[in-house]
Amino acid sequence: MRNGGDKVSGKVRPPPKENERYYGLLHVDAVNGEDPEVAKERVHFPALTPPLYPDRLMNLETDTKLISTRIMDLLTPVGYGQRGLIVAPPKAGKTMLLKQISNSIAKNHPNAKLIILLVDERPEEVTDIERSVNKDVDVVSSTFDEMPENHIKVAELVLERAMRLVEHKKDVVVLMDSITRLARAYNLVIPPSGRTLSGGIDPAAFHRPKRFFGAARNIEDGGSFTILATALVDTGSRMDEVIYEEFKGTGNMELHLDRNLAQRRIFPAIDIARSSTRKEELLISNSHLEKMWAVRKSIQDSPEFLERFLRKLRSTKNNEEFLSVLDDEMRRKGTAKKTH
């Protein structure tokens with residue numbers, strides 16, 4: 001047994017005396033759904049084999065009309081053990097994106113344990129997400145009317161639970177909204193270190209949120225811990241910008257949402273030029289990679305290309321068909337250049 005995060009099941013007895021409040025556990029039948037003897041032999045999370053770059057693709061494509069997850073599969077592929085940051089300004093569609101990612105994982109990867117962690121959120125947003133996602137998904141929340149201590153308690157409970165499952169060689173995915181608000185909560189709770197960064201945040205407030213985010217990893221001997229967390233930008237708060245700068249570069253995947261695209265009613269408002277996955281060649285084929293390089297170059301050369309790209313994506317049934325169409329176009333362009 002660890003300090004926290006284990007789910008223990010067994011036979012209990014009711015309180016024998018009036019002044020006793022809790023049921024007593026007579027014997028342990030299972031720990032995290034497995035034999036207690038198996039649980040006793042597992043390797044503790046920090047001692048698991050060194051983390052590797054993700055090398056198993058987590059396919060998110062489910063439906064022709066869900067363009068966001070199709071774009072992610074094409075340009076920012078997510079693997080088991082990914083540590084991803086979704087950089088989002090207000091009203092750019094991050095909540096909708098998280099719901100779509102959740103439903104895609106629940107449908108395509110039912111064996112993965114999926115947890116949605118909502119920190120300092122609006123109560124109605126929590127209800128909306130609970131009703132929008134698969135019933136097997138755990139939605140854990142601490143709303144903005146709760147104390148910062150509760151935000152931290154809930155986040156650390158999710159972290160411990162996820163680590164215990166990874167010790168059992170399970171694949172765990174945590175979708176978190178947001179790492180920014182968690183860092184804010186720690187800033188209010190930790191003892192002051194005597195130093196203050198721009199925006200009023202204590203440098204010591206970053207240690208535990210980084211421990212949370214840094215726990216995401218792909219384990220060589222089996223199991224993985226995937227975290228996709230949102231980071232808030234363009235909120236008008238200097239503290240939020242400092243928090244984002246501190247976490248920028250700590251992940252191995254970044255997806256940027258663009259407020260300008262959202263204002264132009266271009267959805268999904270994904271900034272393709274700024275979004276990428278490190279070591280994506282471990283997740284997708286070389287031919288796929290070459291086509292996406294061509295797409296990125298075209299978008300940089302012509303901002304209008306993005307709208308054409310989205311139209312073409314919507315006109316194809318799936319990503320396989322889209323890549324085939326793209327391949328034909330690239331061949332035709334290559335042939336045309338040779339004839340000239």
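Taking strands (runs of 3 or more DSSP E) that do not extend beyond region 97-181, which have at least 2 residues that are out of contact with any Cys (no Cβ under 8 Å at 6 or more places or on another chain) and surrounded by fewer than 23 Cβ atoms within 10 Å (Cβ to Cβ)?
113-121, 138-143
Restricting to region 233-263, name every residue that is touching a strand residue (DSSP E or B) at 6+ places or on another chain (Cβ under 8 Å), crowded, with 17+ Cβ neighbours inside 10 Å and either more than 26 Å from Ile67 (Cα to Cα) or among the hydroxyl-bearing types (Ser, Thr, Tyr) (or both).
Asp240, Ile243, Tyr244, Phe247 - these are the residues of region 233-263 that are touching a strand residue (DSSP E or B) at 6+ places or on another chain (Cβ under 8 Å), crowded, with 17+ Cβ neighbours inside 10 Å and either more than 26 Å from Ile67 (Cα to Cα) or among the hydroxyl-bearing types (Ser, Thr, Tyr) (or both).
Give me the pairs, please: first residue somewhere in region 209-229 and in the same structural domain as Arg181 (by the TED database) and touching a residue at least 40 places away in the same chain (Cβ under 8 Å), second residue anywhere and in a strand (DSSP E or B) and of a type in the set (Phe, Trp, Tyr), beta-carbon distance under 6 Å, and either six or more positions apart or on two chains.
Pairs that qualify, where the first residue is in the same structural domain as Arg181 (by the TED database) and touching a residue at least 40 places away in the same chain (Cβ under 8 Å) and the partner is in a strand (DSSP E or B) and of a type in the set (Phe, Trp, Tyr), are Ala215/Phe225; Ala216/Phe225; Arg217/Phe225.
Report every pair of residues separated by at least 6 positions or lying on different chains whose Cβ atoms are under 6 Å apart, first residue within region 28-57 and touching a residue at least 40 places away in the same chain (Cβ under 8 Å), second exposed (fewer than 13 other Cβ atoms within 10 Å of the Cβ) and among the basic types (Lys, Arg).
Within 6 Å, the pairs are Asn32/Lys7.
Considering each residue of region 164-213, count those that are of a type in the set (Gly, Ala, Ser), out of contact with any Ser or Thr (no Cβ under 7 Å at 6 or more places or on another chain) and over 13 Å from Ile243 (Cβ atoms), and give that number.
Residues that pass the stated criteria total 2.
Of the conditions (1) modelled with pLDDT of 85 or more; (2) surrounded by 14 or more Cβ atoms within 10 Å (Cβ to Cβ), Phe305 clears all except one; give me its number.
With respect to (1) modelled with pLDDT of 85 or more; (2) surrounded by 14 or more Cβ atoms within 10 Å (Cβ to Cβ), Phe305 is out only on (1).
How many residues are part of a helix (DSSP H, G or I), in contact with a helix residue (DSSP H, G or I) (Cβ under 9 Å, 6 or more places away or on another chain) and closer than 20 Å to Tyr53 by Cβ if we restrict to region 251-289?
Number satisfying all stated conditions: 4.
Given the criteria assigned to a strand (DSSP E or B), of a type in the set (Lys, Arg) and not assigned by the TED database to the domain that holds Phe213, does Lys11 qualify?
The answer is yes for Lys11.
Pick from region 208-232 the residues that are hydroxyl-bearing (Ser, Thr, Tyr) and within 19 Å of Pro54 (Cα to Cα): which of them is surrounded by the fewest Cβ atoms within 10 Å (Cβ to Cβ)?
Looking at the filtered set, the residue picked out is Ser224.
The values are calculated or read from the model by the stated rules, or taken from the named source; none is laboratory data. Note that the structure is predicted; figures quoted are calculated from it, not measured. Methodologically, a virtual Cβ is constructed for each residue, glycine included, from the backbone with ideal geometry; neighbour enumeration extends over all protein chains shown.
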